[in-house]
Structure formats: structure tokens, C-alpha cells
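Only one structure is covered here, and it is reproduced in the block below.
The values are calculated or read from the model by the stated rules, or taken from the named source; none is laboratory data. Being a predicted model, the structure only gives us computed values, none of them experimental. Note: ideal-geometry Cβ built from the backbone for every residue, glycine included; neighbour counts use all protein chains shown. For the accessible areas, the whole protein counts, side chains as well, though only heavy atoms, and no ligand, DNA or RNA atoms are used. Shrake-Rupley method; radii C 1.70, N 1.55, O 1.52, S 1.80 Å.
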Amino acid sequence: MTIGIDKIGFATSNYVLKLDDLAEKRGIDPEKLSKGLLLKELSIAPITEDIITLGASAAESILSEKDKQEIDMVIVATESGTDQSKAAAVFIHGLLGIQPFARSFEIKEACYGATAALDYAKLHVKQYPQSKVLVIASDIAKYGAHTPGEPTQGAGSIAMLISQNPRILSFNEDNVAQTRDVMDFWRPNYSTTPFVNGIYSTQQYLDSLKSTWAEYQQRHKVSLKDFAAYCFHLPYPKLALKGMKKIMDKTLPEDQQQILKDNFDKSILYSQKVGNIYTGSLFLGLLSLLENSDNLKAGDKIVLFSYGSGAVAEIFSANVVDGYEQQLSTTRLQELDQRLPVSIPDYEQMFFEEAQLDENGNAYFSGYENQVYALTEIAEHQRKYIKVEKPL
Ligand code: CAA
């Protein structure tokens, strides 16, 4: 039996911050962002858009009514959850109308969580072959205005339907994980933004890549020549490019090196316009590769490097399924270009707005008519969501 990704969807907010504008306002050279970080734009989420609305929108874009009757597990991986107790997966299960006899829960380990969720989904389908598992990676990455991480913020969600006989990618049984207890990036419960040892975090990322890749190759007797593409966690694309250079095998024939490089370029297209979406970043890179590569074919192996600060890393691989392109979009880049540009003052107000609750725990929101799902109010401390009837 093959198990893997049968469908994959993506949602982001409807507002975009152009990094040339940010550079001008902050008095930095625009090329530091466009060449130094390889970033162009960031998605900016208003208060009515959170990990639940984005996750539900990403899932809604791929699920049929039949899928909703067959899904028996919903896992949301996030590091920007809205509640310390109630899982985002429970809200999303309700919003989507998934049949009631399902297990729904949230999972966390920084940007790594969705990789663990996929492996659990794989084990579940192996045991119950008729099952379908909805895995959602949803995050809003906020570092704060005037911080070094500011140009690497973002917002978005990836939804993946895991089943037997998948139509996009089939997983291999080759995961190799590594855990190291480091403080490179963390967010205590009392803080709305993370604490970051920026340069140290990049060193941890690259060193985890190098050491996990060495272990993976040794355990599975494979090397780069066995893969058509390498997808990386993308906190910002330049770091992944450094990773790519680190693992590149210069003894490979020129044309094979070129295929790997071309596919890397295709894998960063969406992140360059969306920014960091933490748990979803690796899979946004995968989606970008699948929807834009001009050389991928059935049977090609793709290797994926997942990294979550703190830190857990994992490398695993998947095979491209015949006809995979029929399950994907051809208009994603054009859709991203339809987001509304925001000025710097609007971004600062919109992205960092906090709900102002009255003495009874109520707050009301407006301006969500262009969303698919929206947070409309907090009533007595309960978050209330709707599906917008006809989004603008
Ligand atoms: N033109 C072109 N390039 C320029 C330039 C210019 N005028 N000025 C600077 N640069 C280049 C620099 O040379 C540097 O490139 P190299 O790394 O190749 O040397 C690059 O721009 C970045 O510049 P700095 O080294 O000065 O770094 P910075 O102040 O921009 O900060 C950062 C970079 C520390 C990563 C910061 O963005 C940050 O803290 N980000 C958040 C943390 C993060 O993303 N860490 C990644 C690993 S952790 C992880 O993966 C989990 C996660 O998702 C958070």
C-alpha cells in the first residue's frame, strides 16, 4: 500500500507588504532584503484572520463533501495558537463540517510540528487504510516592527489530505530525526513575539541539516544523486540556499546539479512572496516546487528537510505520483499578485493589533468581507468564526 499526499492546498491573507517599501522606511538598502535574504513581499494578516481562519480556508480549497465524510483525524501544527487549551483543530473541524467521529488535536514543536503530524497520519492510514487524515500547518510569523526578523515575517496555512493511493506524492519509510536542546528561537507564554538569537539560529539550522543529512545518507545508503529535488524549511530563502550549497555534491554530472539548482529556485517562489509561515514553510516550498518545476516526472524522489527551533530536525523523502499535476493549481502566482498592498503605517497597525476586550470579554471586528473564513467577534472570551457567504 502507498500512503502520501492526495491533495494539498494553501491560504494566505489578502494583504501584502512590499519589502522595497519596508527597506525605504527603515533606511536599509533594499538589496539587503532582495539579495541578502532573497525576499520580495510578506503576507500581512489583519486581526480577523488567524491560524484557524487560514487553516480552514486552506482546507476548504481542496476538500470535497465526500472527503469531509471520510476524514477521521484533523491535526493542526502551529506555534501561534490562539488558545492554551482548546485545539485549533477542533474549531477547524467544526467550521469545515467534518463528520463527528474524528480525532482532532494540535501539535507543537516550532516550525517542525507538521512533519511529525504527517508521520502520525501515515501510521494511522497504515493501520486503517480507508482513513483520510487532514494535516494543517498554520502560522502567523510576527517578530515585531524594527526587529532584525521584521523582513522575515509572514502569514499562511498549508492543508494536506493524507490517504492511501495518493495522487500527488507517496511517502517513503526513511525518516531520520534529530533533537538538540538549544535556545535559538522561543516564545514564552507571556510574550506575543519570539525571542531570537538570530545568527545562532541560522547556525543551528545549517548544522542540523548537515548532521541529519549525513546520518540519513549513511542509514539509507543514498546520496544526492538519488533525488530530483531538495526542499528545505524556509524561514527566508537565502538560508535554504546556503543549505543547498552545503549539501551540493560537486562530483555529480553538471546537468544533474543544474536540475537540483533549478528545482531549488522553483521551490522558493511562493515563500519569496509570502514570507515565513513557520510550520507551513517547508510545505509551501514543496507546493511551489510541484506547481512550478518544468522537469519533475512520475517516480522522481524529493527529499525534505524540516527544522523547528529548539530544536528538532527531520529528513524524509517522497515519490512523485503519475498525473500529480492534475491535483495542483496553475494560477497561484497570479493569485498572490491580487493581494492588496499596505502602507507601512497600515502594516504596523494591522499586523500588531491586539483585541481590546471590554470588562465582559467582548470585542467586535469588521472588514473581513474579502476573507473565506473570519474571526468576527470575541464574546465572553469565546472566539466566534463564520464562513463568509460570498467573499469579495
Ligand atoms: N546587499 C546585499 N546583501 C546584503 C546587504 C546589501 N546591501 N547588506 C547585507 N546583506 C546580506 C548579508 O551579507 C547577509 O548575507 P549572508 O548571510 O550571505 O552573509 C544577509 O544580507 C543578512 O544580513 P545580516 O547577516 O546582517 O543579518 P540580518 O540583520 O538581516 O538578520 C537574521 C538576519 C538574523 C536571520 C534575521 O532575519 C532574524 O533574526 N530572523 C529570524 C530568525 C530566523 O529566521 N532564523 C532562521 C533559523 S531558525 C528557523 O529556521 C526557525 C524559524 O522559522 C524562525
*Quick one: work out the % antiparallel among DSSP beta bridges in the chain, nearest 5.*
75
_segment 173-321, accessible surface, carbon-and-sulfur percent (1.4 angstrom probe)_ = 51
_FRET efficiency, residue 226 to residue 360 (Cβ-Cβ, R0 45 Å, nearest 0.05)_ = 0.15
*Whole-Hz Karplus ³J(HN,Hα) for segment 357-364, in order, using 6.51 cos²θ - 1.76 cosθ + 1.60 and θ = phi - 60°, x for Gly and Pro?*
7, 7, 5, 9, x, 10, 8, 10
*With θ set to phi - 60° and the Karplus curve 6.51 cos²θ - 1.76 cosθ + 1.60, what are the ³J(HN,Hα) couplings of segment 47-52 in order, to the nearest whole Hz, using x for Gly and Pro?*
5, 7, 10, 9, 5, 6
*Listed highest first by mean packing, meaning other Cβ atoms within 10 Å per residue, what order do 69-78, 138-147 come in?*
69-78, 138-147
*asked:* Restricting to Cα atoms and excluding each atom paired with itself, what does the Kirkwood estimate give for segment 216-339 in Å?
replied: 15.0
_Taking θ = phi - 60°, what integer Hz values does the Karplus form 6.51 cos²θ - 1.76 cosθ + 1.60 yield along segment 133-141, in sequence order, with x for Gly and Pro?_
10, 9, 10, 10, 10, 9, 8, 10, 9
*Just by accessible area at a 1.4 angstrom probe, what is the order of 352, 101, 185 from largest to smallest?*
101, 352, 185
*In whole percent, what relative contact order does segment 173-321 give with Cα contacts below 8 Å and a gap of six or more residues?*
34
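Dipole of the chain, Cα-centred, from +1 at each Lys and Arg C-beta and -1 at each Asp and Glu C-beta, to the nearest 20 debye?
Dipole size: approximately 940 debye.
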_Given a 1.4 angstrom probe, what's the average accessible area per residue across segment 1-157, in square angstrom?_
37
_Protection-proxy order for peptides 301-308, 84-91, each taking the mean of Cβ atoms within 10 Å per residue, highest first_ = 301-308, 84-91
*So how much accessible area does residue 335 have, in Å² to the nearest 10, using a 1.4 Å probe?*
90
_FRET efficiency, residue 147 to residue 183 (Cβ-Cβ, R0 22 Å, nearest 0.05)_ = 0.80
_Subset of 7/126; 86/126; 122/142; 225/297; 32/142; 221/266 violating a 24 Å alpha-carbon distance limit_ = 86/126; 122/142; 221/266
*What shape does segment 269-392 have by the C-alpha gyration tensor, where a ≥ b ≥ c are the square roots of the eigenvalues, rounded means a/c under 1.5, and otherwise prolate means a/b greater than b/c and oblate the rest?*
prolate
*Among 181, 249, what's the order by accessible area (1.4 angstrom probe), most exposed first?*
181, 249
*Cα gyration tensor shape for segment 249-291, rounded if a/c is under 1.5, else prolate or oblate*: prolate
*Before anything else, pin down the relative contact order of the chain: Cα pairs under 8 Å, at least 6 apart, normalised by residue count, whole percent.*
24
*Calculated FRET value between residue 35 and residue 215, using beta carbons and R₀ = 51 Å, to 0.05*: 0.95
_Furthest towards positive pole of dipole, 77, 352, 178, structure part the chain, Cβ charges_ = 178
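What order do 124, 220 take when sorted by accessible area (1.4 Å probe), most exposed first?
220, 124
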*asked:* Quick check: pseudo-label points 7 Å beyond the Cα along Cα→Cβ at residue 331 and residue 380, how many nm apart are they?
replied: 4.4
*Apportionment of accessible area to carbon and sulfur, segment 1-158, percent (1.4 Å)*: 52
